[in-house]
Amino acid sequence: MKRNRRFLATAAFAAALLVLSAGSGFAQGSPWIAEPRTGSISITYGHQAATEFYRADVKGPTPGDGANLSQTTGWLDVNYAITDAIAVDLRSGLGRSHIPGPVGPTPEESFSGLVDTNVSVTWRVVDELVTQGAPSVAVRAGVIAAGGYETGYINSLGDGGNGFEGSVLVGKFGDRFGASGEVGYRSRSNDIPSDTFINLAGFFPVNDRITIAADYRMVNGSDSGLDIGGPGFSPDRFPELQEDAQLLGGRVLASVNDTISVSGFFGRIIGGRNTAASRVIGLGVTYSFMTN
């Protein structure tokens with residue numbers, strides 16, 4: 001049981017490491033909640049780069065005959081368990097994107113600024129450590145505040161819409177393996193198509209301190225969205241694209257001591273629509289704390 005608690009705590013603190021740009025809409029909650037009045041603060045560096053992208057559902061070189069479309073983001077994640085069933089979390093960050101001129105906004109210039117901010121509440125309705133044989137089950141609801149960036153460019157930091165999202169999460173850990181799944185819905189303002197999303201993860205403990213994980217994530221935008229180069233499209237309508245993406249990746253999570261953990265991520269977009277075929281890496285450090 002003690003070993004399971006350590007694995008559940010690691011998964012709860014590091015669930016959000018897998019990151020992409022705000023516009024891609026990849027996010028993850030966790031069905032596991034830390035002990036009451038404990039929390040974590042994570043700082044994560046994420047970088048994505050692509051020389052190919054999907055114009056509608058056809059994969060080809062990025063503008064400029066394969067110019068490197070890249071974005072680097074520094075993420076701040078704060079999570080706090082109010083009770084043994086309710087936790088709140090905040091995610092925000094600063095991003096910088098780049099694509100070489102003349103296909104960028106101006107030659108050799110980049111966008112930088114605050115990316116979208118997400119504040120969420122998770123309510124765990126079933127705890128696998130209490131209800132023997134059952135998985136942990138939780139529901140999550142959050143609000144999205146658009147960041148301070150320009151829209152209408154292929155390398156904009158996001159779509160520029162406020163909104164909300166909700167999801168249902170299920171997960172369970174055994175002695176040698178753990179798995180979690182999330183199914184959710186996201187809606188934003190400014191004619192941005194709504195999204196449905198699925199996040200799946202498998203956790204493989206190596207020992208009491210190191211866990212490796214495999215991830216599959218999918219975002220499916222509403223069919224009401226536009227296609228790049230399709231009817232009605234113009235560059236200033238980039239936020240209105242139907243943006244689909246499938247990402248396959250892996251993580252390594254390591255506890256340095258009782259309060260510090262580190263993590264790393266790698267992944268790749270393996271399918272999509274109106275999105276960059278990005279390669280993604282991430283590195284993070286998490287500080288866990290307890291309040292009286």
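Of 221, 163, 178, which residue is open to solvent by less than 30 Å² (accessible area, probe 1.4 Å) and at pLDDT 95 or above?
Values: 221 fails: at pLDDT 95 or above; 178 fails: at pLDDT 95 or above.
On inspection, the qualifying residue turns out to be 163.
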Open item on the list: Which numbered condition in (1) surrounded by 22 or more Cβ atoms within 10 Å (Cβ to Cβ); (2) in a strand (DSSP E or B); (3) not polar (S, T, N, Q) is the only one that residue 212 fails?
Closed with: (1)
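Just one of 110, 97 is at pLDDT 90 or above and buried (at least 16 other Cβ atoms within 10 Å of the Cβ); which is it? Show your work before the answer.
Values: 110 fails: at pLDDT 90 or above.
Exactly one of 110, 97 is at pLDDT 90 or above and buried (at least 16 other Cβ atoms within 10 Å of the Cβ), namely 97.
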Task: Criterion: surrounded by fewer than 22 Cβ atoms within 10 Å (Cβ to Cβ) and not aromatic (Phe, Trp, Tyr) - qualifying residue of 199, 190 - done: 190
Open item on the list: Just to be sure I understand, how many residues within the stretch 234-264 are part of a strand (DSSP E or B) and either out of contact with any strand residue (DSSP E or B) (no Cβ under 9 Å at 6 or more places or on another chain) or more than 22 Å from residue 206 (Cβ to Cβ) (or both)?
Closed with: 5
Open item on the list: Criterion first (under 16 Å from the mean Cα position of the chain (by Cα) and of a type in the set (Ser, Thr, Tyr)) does residue 167 satisfy it?
Closed with: yes
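Would you pick out the residues in the stretch 265-292 that are in a strand (DSSP E or B) and more than 30 Å from residue 63 (Cα to Cα)? If you could, list the steps in order and put the result at the bottom.
As a first pass, look at the stretch 265-292 and keep what is in a strand (DSSP E or B): 265-273, 276, 279-290.
Across the stretch 265-292, the qualifying residues are 284, 285, 286, 287, 288, 289, 290.
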- [ ] Say whether the condition of being at pLDDT below 55, open to solvent by less than 30 Å² (accessible area, probe 1.4 Å), farther than 20 Å from residue 255 by Cβ and in contact with a helix residue (DSSP H, G or I) (Cβ under 9 Å, 6 or more places away or on another chain) is met by at least one residue in the stretch 69-87.
- [x] no
- [ ] Might you check whether a residue that is within 28 Å of residue 131 (Cβ to Cβ) and either of a type in the set (Ser, Thr, Tyr) or assigned to a strand (DSSP E or B) (or both) occurs anywhere in the stretch 153-163?
- [x] no
TODO: Inspect all residues belonging to the stretch 34-50 and state whether any of them is at pLDDT below 90, buried (at least 20 other Cβ atoms within 10 Å of the Cβ) and part of a loop (DSSP other than H, G, I, E, B).
DONE: yes
- [ ] Kindly check whether there is at least one residue in the stretch 121-136 that is under 20 Å from the mean Cα position of the chain (by Cα), of a type in the set (Gly, Ala, Ser) and modelled with pLDDT of 90 or more.
- [x] no
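Taking the stated definitions as given, is residue 281 open to solvent by 30 Å² or more (accessible area, probe 1.4 Å), under 30 Å from residue 34 (Cα atoms) and within 14 Å of the chain's Cα centre (by Cα)? Talk me through it step by step, then tell me what you get.
Values: open to solvent by 30 Å² or more (accessible area, probe 1.4 Å): yes; under 30 Å from residue 34 (Cα atoms): yes; within 14 Å of the chain's Cα centre (by Cα): yes.
Here the answer is yes, as residue 281 does meet what is asked.
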Open item on the list: Being over 16 Å from the mean Cα position of the chain (by Cα) and either open to solvent by less than 40 Å² (accessible area, probe 1.4 Å) or touching a residue at least 40 places away in the same chain (Cβ under 8 Å) (or both) is the requirement here; does residue 184 meet it?
Closed with: no
Open item on the list: On the basis of being at pLDDT below 95, open to solvent by 20 Å² or more (accessible area, probe 1.4 Å) and either of a type in the set (Val, Ile, Thr) or under 22 Å from residue 230 (Cβ atoms) (or both), does residue 63 make the cut?
Closed with: yes
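The values are calculated or read from the model by the stated rules, or taken from the named source; none is laboratory data. What you are looking at is a predicted structure, and each value in this text was computed from that prediction instead of being measured. Glycine also receives a Cβ, built like all others from the backbone with ideal geometry; neighbour counts cover every protein chain displayed. The protein model used for the area step is the full one, side chains on, heavy atoms only, and it has no ligands, DNA or RNA in it. Shrake-Rupley method; radii C 1.70, N 1.55, O 1.52, S 1.80 Å.
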